[in-house]
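Visitor: Quick one: this structure, given as structure tokens, is what I'll be asking you about.
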């Protein structure tokens, strides 16, 4: 069976990797897709997210990392996936994933397999990792081995670029407190 596991991976976490390892043990081939949502501003570029995932998945011989702009089901068709796999954490994920599974089946006929997160990873999210990293905190226990430094450096570089771009555009911010 060939499956697609898509997400924003902004950035990849040990929770994502735990699911990817579990999926790779169940399927002949896994396509991990960095999905690009034009309505959402990612902290890391598409290229950075793909590079982080490729590094994290390098030892998994049946995993391919790609990026895709568009609907998840279009990506699944493009890569000839038999099913889509989605990770589900205890609070809040099931309802939205349940609805999306039905929409995806209606749109394409493709099945969605919901895989629950193990308790030890259920609290980890990309947004938590970004927040801790933005304050200079240690994220090494929340991201794949060897990636903490790269993720923190990329986040710091991206923040500098955003600040430089605002300054180049003539945007100046003044504090309120008069």
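Visitor: Sorted by mean Cβ packing within 10 Å, highest first, what order do the peptides 2-14, 52-64 take?
Guide: Values: 2-14: 23.2, 52-64: 16.9.
Averaged packing, sorted descending, gives the order 2-14, 52-64.
Visitor: Classify the range 2-123 as rounded, prolate or oblate, taking a ≥ b ≥ c as the square roots of the eigenvalues of its Cα gyration tensor: rounded when a/c is under 1.5, otherwise prolate if a/b is larger than b/c and oblate if not. Write out the running numbers ahead of the final one.
Guide: Values: a/c = 1.17, a/b = 1.11, b/c = 1.05.
Because its axes are fairly even, with a/c under 1.5, the range 2-123 counts as rounded.
Visitor: Here's something else I'd like to know. Nearest 10 degrees is fine. How inclined is helix 14-26 to the longest principal axis of the chain, computing both from alpha carbons?
Guide: That works out to roughly 20 degrees.
Visitor: Another question, if that's okay. Is the shape of the range 1-66 best called rounded, prolate or oblate, per the rule: a/c under 1.5 gives rounded, else a/b larger than b/c gives prolate, else oblate, with a ≥ b ≥ c the square roots of the Cα gyration tensor eigenvalues?
Guide: Details: a/c = 2.10, a/b = 1.75, b/c = 1.20.
Cα axes put the range 1-66 in the prolate bin.
Visitor: Here's a follow-up. Report the antiparallel proportion of the DSSP beta bridges in the chain as a percent, rounded to a multiple of 5.
Guide: Working: 0 of 22 bridges.
Bridges in the chain that DSSP calls antiparallel: roughly 0 percent.
Visitor: Pairing the Cα long axis of helix 46-57 with the longest principal axis of the chain, what angle in degrees results, from 0 to 90 and rounded to the nearest 10?
Guide: Taking Cα atoms only, the helix is inclined about 50 degrees.
Visitor: Follow-up question, since we're still on this one. Cα axis of helix 148-168 to longest principal axis of the chain: angle in degrees, 0 to 90, nearest 10?
Guide: For helix 148-168, the angle is close to 50 degrees.
Visitor: Okay, moving on. Can you tell me which of 144-154, 16-26 comes out highest on packing, and rank the rest after it, using the mean Cβ neighbours within 10 Å? Don't skip to the end; give the middle numbers.
Guide: Values: 144-154: 16.9, 16-26: 18.7.
With the highest mean Cβ count within 10 Å placed first, the list reads 16-26, 144-154.
Visitor: Sticking with this one: Return the calculated 222 nm mean residue ellipticity for the chain, to the nearest 500 deg cm²/dmol, obtained by summing -39500 (n - 2.57) across DSSP H runs with n ≥ 4 and dividing by the residue count.
Guide: Values: 6 runs with 78 residues, N = 178.
Counting only the DSSP helices, I get -14000 deg cm²/dmol.
Visitor: May I ask for the distance between the Cα centers of the range 27-84 and the range 120-148, given as a whole number of Å?
Guide: If we compute the Cα centre of each part, the gap is 20 Å.
Visitor: Once you keep just the Cα pairs under 8 angstrom separated by 6 or more residues, what percentage relative contact order results for the range 2-123? Walk me through the numbers before you get to the answer.
Guide: Details: 184 pairs, mean separation 36.4, N = 122.
The value is 30 percent.
All of the numbers you see were taken from the coordinates with simple rules; none came from a lab. On a predicted model such as this, the values are computed, not experimentally measured, just so you know. FYI the Cβ positions are ideal-geometry reconstructions off the backbone, even for glycines, and counts take in every protein chain you see.
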